[in-house]
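Have a look at the structure below, then the notes.
The values are calculated or read from the model by the stated rules, or taken from the named source; none is laboratory data. Computed from a predicted structure; not experimentally measured. All Cβ positions, glycine included, derive from the backbone under ideal geometry; neighbour counts span all protein chains shown. For accessibility, only protein heavy atoms count, side chains too; no ligands or nucleic acids. Shrake-Rupley method; radii C 1.70, N 1.55, O 1.52, S 1.80 Å.
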Amino acid sequence: MSAFEWQKSSYSAEGANCVNIAAAPDGLLRLRESTEPGTTLTVRPAALRGLLRAIKDDPGRLSG
C-alpha cells in the first residue's frame, strides 16, 4: 500500500480508530486515520509539535 513505516499512536486504544504517523524521506510527517488509510495529512515536525503543545496547554481551546 505505502512505502512508509506507519506507527500507531500509543494513545490509540486497541480498537479500529487509530491515528498513525510516518516519517517521510523528505523530512515531513504523514498522519492518517486507520479507518481511512488512503487519506493522509502532511505536516512539518515543528507544526505538529506546536499543535500538540497547544492541545496540552489548553485542551478546551479546540473543543467547539
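Within region 22-64, track down each residue that is β-branched (Val, Ile, Thr) and open to solvent by less than 40 Å² (accessible area, probe 1.4 Å).
Once the filter is applied, which keeps residues that are β-branched (Val, Ile, Thr) and open to solvent by less than 40 Å² (accessible area, probe 1.4 Å), region 22-64 yields only Val43.
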For region 1-50, the count of residues that are among the small types (Gly, Ala, Ser), touching a strand residue (DSSP E or B) at 6+ places or on another chain (Cβ under 8 Å) and at pLDDT below 90 equals 4
